Amino acid sequence: MTTVIAFILMFGVLVSIHEWGHLIFAKRAGMLVREFAIGFGPKIVSFTKNETLYTIRLIPAGGYVRVAGDDPEIVELKPGHHIALEFDENEKVSKIIVNNKSKHPNARTIEVENVDLDHKLYIEGYELDDEDTKLHFDVNPKAMFVVDERETQIAPFDRQFASKTIGQRAMQLFAGPMMNFVLAIFIFLILGLIQGVPVERAQMGEIQSGSSAEEAGLQENDVITQIGEQSISTWEQFTDIVRENPGQELNLVISRGDTEQELMVVPSEVEAVNEQGDTINIGQIGVQRAFEKDVLGTLMFGFERTYETSKLIITNLVMLVTGQLSIDVLSGPVGIYDATDQVVQSGFTNFLMWTAMLSINLGIINLVPLPALDGGRLMFVGIEAVRGKPIAPEKEGVFHFVGFALLMLLMIVVTWNDIQRLFL
């Protein structure tokens, strides 16, 4: 149950902060945001505030912010349509009732002749019992379409995504991934405040009971200065040598206080998965890295860890695309849940670290120029900036639809691989 709660909270935070970035910059640009959704599928919880419908949906596989401009639920009014109109206190149309007009006895029914709900905001037509008198009605910019008793706000062109400048549209698309990086920096800062920042030198932190390090006589705060004939100045040098020598005797020179001592340690053999997805044996001695409290170091730690994690994820992504990594190394929701279960059991700080890494991963993946992702849509905005005019919406729509279908297929394959690894 602890893992379930942790996973739901983690998923909710990662998706919410991502979509919140899209939401804020859409509203700042004056776009009409129709829906802010966490999850997909049927609605579980929903409420409306400041023109936007906020929903939590059943399937925890992402989220979305739906901005006006591509509105399949908006009925296109054409000459000859019979509609009913309700008006506000300024005698402007406040509701456009498309069907079930009998449920609105006080509405005024007309036959449409001309209509413009994008720019000039008016409807012209005739009452059904008087086809000689042409009527003109101004429309409130926040008027509602009513279809099957469901209300949907109209979207004048200046509230639509396509009406905004290239910079505003690009920022609205980039804001989601950007917020994931901001969240990661924030989490790393919290970790720095809680546990301190990692010491650069090869200084011992907590020694695990019964470990090779304890048997060798290593103590907390010991500093490794030499292994064999090789001088050691960083933690990475130390761990690399330990990992590469499972079961081998290593002669250490350590600094303990004001004295130097020589110790011998034999790293235990443990199984691990390398970057190619193969199982290999590596060495471990059972010691954690030392941390220290430092205000400036904590601030730098947030940015440095975000940068280093981003670089590692991008490197692995390039290796995956170029075929150096197998698709089997990918994990979907099932695999992430299993990894979260293991991380939760190892402690709260590790859970925070895992959340920050997933946030960075979410940000980077969404910036990849693939259909249906933020990066794919940013690519089209970039093409428009270069060629001076946008790609036809129909062509862009087909591109995203096909790409989304392929991404869903990839998700199914990855999830099946996760299930095989865990249960078969």
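The values are calculated or read from the model by the stated rules, or taken from the named source; none is laboratory data. Being a predicted model, the structure only gives us computed values, none of them experimental. We place every Cβ from the backbone using ideal geometry, glycine too, and count neighbours over all the protein chains shown. Calculation scope for accessible area: heavy atoms of the full protein, side chains included, ligands and nucleic acids excluded. Shrake-Rupley method; radii C 1.70, N 1.55, O 1.52, S 1.80 Å.
Can you give me the accessible area per residue for the chain, using a 1.4 Å probe, in Å²?
Per residue, the chain has an accessible area of 56 Å².
In whole angstrom, note down how far apart the Cα centers of region 297-366 and region 165-216 are.
About 10 Å separates the Cα centre of region 297-366 from the one of region 165-216.
Return the subset of K164/K389; K43/K78; K78/K389; K27/K95; K92/K142 for which the Cα-Cα distance in this structure is over 21 Å, preserving the input order.
Over 21 Å apart, Cα to Cα: K43/K78; K78/K389; K27/K95.
For the Cα atoms of the chain, what angle does the longest principal axis make with the long axis of helix 295-321, in degrees from 0 to 90, nearest 10?
80
Quick one: work out Rg over Rh on the C-alpha atoms of the chain, Rh as Kirkwood radius.
Looking at the chain, the ratio lands at 1.14.
Rounded if a/c is under 1.5, else prolate if a/b is larger than b/c, else oblate: which is region 237-306, with a ≥ b ≥ c the root eigenvalues of its Cα gyration tensor?
On the way: a/c = 3.41, a/b = 1.15, b/c = 2.97.
Oblate.
Using θ = phi - 60° and the Karplus form 6.51 cos²θ - 1.76 cosθ + 1.60, what ³J(HN,Hα) does each residue of region 237-248 get, whole Hz, x for Gly and Pro?
Along region 237-248, the couplings run 4, 4, 5, 4, 5, 4, 5, 7, 10, x, x, 9 Hz.
From the protein chains alone at 1.4 Å, what is the descending order of accessible area for H400, H136, largest first?
Sorted by accessible area, descending: H136, H400.
Where the accessible area of region 1-72 is counted over protein heavy atoms with a 1.4 Å probe, how much of it, in %, is carbon and sulfur?
Solvent-exposed carbon and sulfur of region 1-72 make up 68 percent of the total.
If you average over every viewing direction, what projected area does the convex hull of the Cα atoms of region 54-141 give, in nm²?
For region 54-141, the mean projected area of the Cα convex hull comes to 8.0 nm².
Sorting V295, V33, V13 by accessible area (1.4 Å probe), largest first, what list results?
Result of the area sort, largest leading: V295, V13, V33.
Mind listing the long-range amide H neighbours of V368? Cut-off is under 5 Å, sequence gap 5 or more, other chains count too, H placed in the peptide plane at 1.01 Å from N.
Here G375 satisfy the definition.
Would you calculate the separation in nanometres between label points at E308 and V45, each defined as 7 Å from the Cα along the Cα-to-beta-carbon direction?
The answer from the label model is 3.7 nm.
Per-residue counts of other Cβ atoms within 10 Å, averaged by peptide: what ranking do you get for 373-382, 180-189, 209-218, highest first?
180-189, 373-382, 209-218
Give a residue-ordered list of calculated ³J(HN,Hα) values for region 207-215 (Karplus: 6.51 cos²θ - 1.76 cosθ + 1.60, θ = phi - 60°; whole Hz; x for Gly, Pro).
9, 6, 5, x, 7, 4, 5, 5, 5
So how do D222, D258 rank on accessible area, 1.4 Å probe, biggest first, that is with the largest at the start?
Listed by decreasing accessible area, they come as D258, D222.
Roughly how tilted is helix 2-28, in degrees to the nearest 10 and between 0 and 90, from the longest Cα axis of the chain?
50
Can you compute log10 of I(q)/I(0) for region 144-234 with the Debye formula, treating each Cα as one identical point scatterer, at q = 0.17, 0.18, 0.19 Å⁻¹?
Each listed q maps to, in turn, -0.96, -0.99, -1.01.
Which loop chymotrypsin sites (Phe, Trp or Tyr not before Pro) in region 39-106, with loop taken from DSSP, have no more than 14 other Cβ atoms within 10 angstrom of their Cβ?
Details: sites: F40, F47, Y54, Y64, F87; in loops: none.
Those that pass, being in a loop and sparsely packed, number zero.
Please give the Cα centre distance for region 367-424 versus region 61-136, rounded to the nearest Å.
So the separation of the two Cα centres works out to 35 Å.
Can you pull the percent of region 304-424's accessible area that's carbon plus sulfur, 1.4 Å probe, other chains left in place? Write out the running numbers ahead of the final one.
Values: 4990 of 7150 Å².
After summing per-atom areas, the C and S share lands at 70 percent.
Enter the accessible area of T355 (Å², nearest 10), with the probe set to 1.4 Å and all protein chains included.
Using a 1.4 Å probe on the heavy atoms, I get roughly 10 Å².
Could you work out how far helix 333-346 tilts from the main Cα principal axis of the chain, as a 0 to 90 degree angle to the nearest 10?
40
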